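Comments concern the structure below.
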Amino acid sequence: MSETLSDRAARRGRIVFDTFRSVHDPRLAAWLLFRSHLLPEWAITASSLSETTPEAALTPLGVFGVWRLLATNNRELGRCARIFVSPRAAFDAVVAEQARVDEMTVTAVRGPQSTTHGWVIRRGDRPVLTAARWYESASEAAAAGRAASNALGTATIAQGVSIGTASGRRARVVMNTP
């Protein structure tokens, strides 16, 4: 007879941290474009980030920090709604949000075409987490949002951050402590 997988190993997603090396990083532009469809009220360009982020707030690990929610198979389930001034700020924010997941609600959002739908998880009126991809129907998007909300509550938070190198590769390093 086979052994049952432990609950921890079988069901917990992960929260990982990434950085964007500059306001010219194409990954940042793609992140912001996708988010602008889900949260048009937060639509900004990468260049406007450099105008609002003081140089003193930047860290040697990367220019901006974000967190992503991954499934146990490393598939991206969701992305944080905000872009943070550092990976440490993203880490602190996700720890606080994870403790308040029971206060969050999921809303399906229509995308730029009729067959594109996403979702946004909010705590009160503040967006916390967004879809990472498009879904074909609003009901499919809402179901994926509910699954992401459940995963967020139990996800393991990584202690490292993925940073971009000058060559364009990514490297994972331990996050600086405050």
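Annotations for the structure displayed:
- Restricting region 54-77 to residues that are at pLDDT 75 or above and of a type in the set (Val, Ile, Thr), the residue that is least open to solvent (accessible area, probe 1.4 Å): 66
- Candidate set: region 1-24, residues that are under 17 Å from the mean Cα position of the chain (by Cα) and either at pLDDT below 75 or farther than 26 Å from residue 107 by Cβ (or both); chosen: the one surrounded by the fewest Cβ atoms within 10 Å (Cβ to Cβ): 21
- Residues in region 60-87 that are on the phi < 0 side of the Ramachandran plot and small (Gly, Ala, Ser): 65, 71, 78, 81, 86.
- Some residue of region 32-43 being modelled with pLDDT under 75 and either in a helix (DSSP H, G or I) or surrounded by fewer than 16 Cβ atoms within 10 Å (Cβ to Cβ) (or both): no
- In region 83-104, the residues that are more than 24 Å from residue 142 (Cβ to Cβ) and among the charged types (D, E, K, R) reach residues that are open to solvent by less than 30 Å² (accessible area, probe 1.4 Å) and in a loop (DSSP other than H, G, I, E, B) with C-beta atoms within less than 7 angstrom, at least six apart or across chains, in these pairs: 88/175.
- Residue selected from region 123-156 under the condition basic (Lys, Arg) and more than 13 Å from the chain's Cα centre (by Cα), by the criterion surrounded by the most Cβ atoms within 10 Å (Cβ to Cβ): 123
The values are calculated or read from the model by the stated rules, or taken from the named source; none is laboratory data. Keep in mind the model is a prediction, meaning the values are calculated, not measured. All Cβ positions, glycine included, derive from the backbone under ideal geometry; neighbour counts span all protein chains shown. In case anyone asks, the SASA skips ligands and DNA or RNA and just uses the protein heavy atoms, side chains included. Shrake-Rupley method; radii C 1.70, N 1.55, O 1.52, S 1.80 Å.
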